[in-house]
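First comes the structure, then the notes that go with it.
The values are calculated or read from the model by the stated rules, or taken from the named source; none is laboratory data. Quick caveat: nothing in here was measured; it's all calculated off a predicted structure. Note: ideal-geometry Cβ built from the backbone for every residue, glycine included; neighbour counts use all protein chains shown. SASA here: full protein model, heavy atoms, side chains in, ligands and nucleic acids out. Shrake-Rupley method; radii C 1.70, N 1.55, O 1.52, S 1.80 Å.
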Amino acid sequence: MIRETNRHFSFDWTTIIIFMMLVGFGWVNIISASHVGETIDYLDFSQPFGKQLMFIGLTIGLIIIILAIEAKFYERFASVVYVISMLSLIGLFIFGKNVNGAQSWYGIGGMTIQPSEFAKAATALAVAKYVSDLQTDIKRFPDQIKTFIIICIPAFLILLQNDAGSTIVYGAFFFVLYREGLPQIYLTLAISVILISILSLKFGPVITSIVAATVVFAQYFLSKKKPVILQPIIITLATVVMSVGVHFFYDNVLQAHQKDRISLWLRLENDTDKLAAMRRDILYNLYESEKAISSGGFSGRGFMEGTRTTGKFVPEQHTDYIFSTVGEEWGFVGSCMVVILFVLLMLRILHLAELQKSQFSRVYGYSVAAIMFLHFMINIGMVMGLIPTIGIPLPFFSYGGSGLWGFTILLFIFVKLDSNRINEW
């Protein structure tokens, strides 16, 4: 680590202040979601709020270290950081601790560390390093493949640890690459795959294939400049294969709890009694979360006044379901404030990313915003029942040292890169 001298820095205090507000308000809600009894000892490190306060204190030291390191260090050693991070993920298969069915943690004394939370920053650095290389042109297919490999390695390792939620987050890099010139065909393919997967599960491969063939050939015959007839035929065959493949994957690869969540989301189950049983068992968290949010009304019940929060009706309320505490105790007003803070933070990062003079800093900035956006969208959408239940935390809000430190590293590396902008030509 090298401290830079004779250089000027200007840290973006707007970003830092929003970060502090999110962390602070998150801790307040962790208190509500995890306290027991009438009196609260904020330094009780046996309770989640006490541990989180300790994590926040350590975060301050982490921020100081990140900002003290030379800005060019992050670009120069991005590949080294990435390799070390991948080795930490591989090590989990040998030394990892299984928690809730996922072998994603290292046990260190009485604490656990989740390497996947730090792998996001490492992958963002590696992607930024490769894409910004003078020899790389993201519009060339070989360079696209190499970039996808960098992204897919951690995603695959995390998926093997039975942590599908964290794996999905790596889809955020698609938005980054699209900004850097990734051909639009990938966006079309991504949307098509999602639509075909949903339609195939909902209506079956046959109906999905017929609908797709109708759309493809209608577009072909209505087009003034017709491509060769082989093109719509290939697209139709690909749709058939994909529809059948989605069903095979759903029936034979996904675990029972994953299939149940998708089944409930898409309303695939026709047996009323079985559906009711699934709702009671699988959607218990969601229903209690929705009740907590709706009970908050416009202005909320007040700090530690939420009956469903203090009654511990929502399991894991201080982690993945922390937003339900916001909804109950701070109501529509508090929920909007949290959403606005996140939106402001992401917009600020995107604005600063566009101001960067180096492509490395710009790509990394977009990676930070994209990763946070996906976490934000999935977590809040999950808590409100808009998307299937996926276990990922709300950045800076959910309880956990690994999550807090991982997002802090991710964000403050960019704060450091941005502060060095005035020294770049």
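Structure data summary
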quantity: Criterion violated by MET384 - all others in (1) within 18 Å of TYR178 (Cβ to Cβ); (2) surrounded by fewer than 19 Cβ atoms within 10 Å (Cβ to Cβ) satisfied; calculated: (1)
quantity: Selected residue [open to solvent by 10 Å² or more (accessible area, probe 1.4 Å), modelled with pLDDT of 95 or more and in contact with a Lys or Arg (Cβ under 8 Å, 6 or more places away or on another chain)] from TYR287, TYR366; calculated: TYR366
quantity: Among (1) over 30 Å from ARG267 (Cβ atoms); (2) in contact (Cβ under 8 Å) with a residue 24 or more places away in the chain - the single one MET382 does not satisfy; calculated: (1)
quantity: Hey, GLY400 touching a Phe, Trp or Tyr at 6+ places or on another chain (Cβ under 6 Å) and buried (at least 19 other Cβ atoms within 10 Å of the Cβ) or not; calculated: no
quantity: Candidate set from the stretch 342-362 (those that are out of contact with any Lys or Arg (no Cβ under 9 Å at 6 or more places or on another chain) and surrounded by fewer than 20 Cβ atoms within 10 Å (Cβ to Cβ)); member that is farthest from VAL326 (Cα to Cα); calculated: GLN359
quantity: Residue among ALA78, ALA102 that alone is under 30 Å from PHE360 (Cα atoms), surrounded by 12 or more Cβ atoms within 10 Å (Cβ to Cβ) and not acidic (Asp, Glu); calculated: ALA78
quantity: Tally, over the stretch 58-111, of residues that are within 20 Å of the chain's Cα centre (by Cα), of a type outside the set (Gly, Ala, Ser) and at pLDDT below 90; calculated: 4
quantity: Selected residue (only one of ILE150, ILE194, ILE158, ILE168 is under 30 Å from ILE90 (Cα atoms) and without any contact (Cβ under 8 Å) to a residue 12 or more places away in the chain); calculated: ILE194
quantity: Any hit, the stretch 8-29, residues being modelled with pLDDT under 80 and open to solvent by 90 Å² or more (accessible area, probe 1.4 Å); calculated: yes
quantity: Selection within the stretch 290-305 - crowded, with 19+ Cβ neighbours inside 10 Å and either within 28 Å of the chain's Cα centre (by Cα) or acidic (Asp, Glu) (or both); calculated: ALA292, ILE293, GLY296, GLY300
quantity: Pair list, Cβ under 8 Å, 6 or more apart: the stretch 225-254 residue among the aromatic types (Phe, Trp, Tyr), other residue open to solvent by less than 80 Å² (accessible area, probe 1.4 Å); calculated: TYR250/LEU201; TYR250/LYS259; TYR250/ILE262
quantity: Filtered residues of the stretch 57-75 (kept if closer than 27 Å to PRO315 by Cα and surrounded by 19 or more Cβ atoms within 10 Å (Cβ to Cβ)); calculated: THR59
quantity: Count of residues meeting criterion [over 29 Å from SER32 (Cβ atoms) and either in a helix (DSSP H, G or I) or of a type in the set (Lys, Arg) (or both)] in the stretch 370-424; calculated: 11
quantity: Test for TYR178: is it free of Cβ contacts under 8 Å to residues at least 60 places away in the same chain, closer than 30 Å to MET377 by Cβ and of a type outside the set (A, V, I, L, M); calculated: yes
quantity: Residue count, the stretch 165-206 (criterion: over 24 Å from ARG267 (Cα atoms) and either open to solvent by 40 Å² or more (accessible area, probe 1.4 Å) or of a type outside the set (Phe, Trp, Tyr) (or both)); calculated: 21
quantity: Any pair with Cβ under 6 angstrom, 6 or more apart, that starts in the stretch 34-48 at a residue that is of a type in the set (Asp, Glu) and modelled with pLDDT of 80 or more and ends at one that is in a loop (DSSP other than H, G, I, E, B) and surrounded by 16 or more Cβ atoms within 10 Å (Cβ to Cβ); calculated: none
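Residues checked against (1) in contact with a strand residue (DSSP E or B) (Cβ under 6 Å, 6 or more places away or on another chain); (2) at pLDDT below 95; (3) surrounded by 15 or more Cβ atoms within 10 Å (Cβ to Cβ); (4) under 25 Å from ALA369 (Cα atoms):
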site	(1), (2), (3), (4)
ILE113	yes, yes, yes, yes
ALA121	no, no, yes, yes
PRO142	no, yes, no, no
ASP163	yes, yes, yes, yes
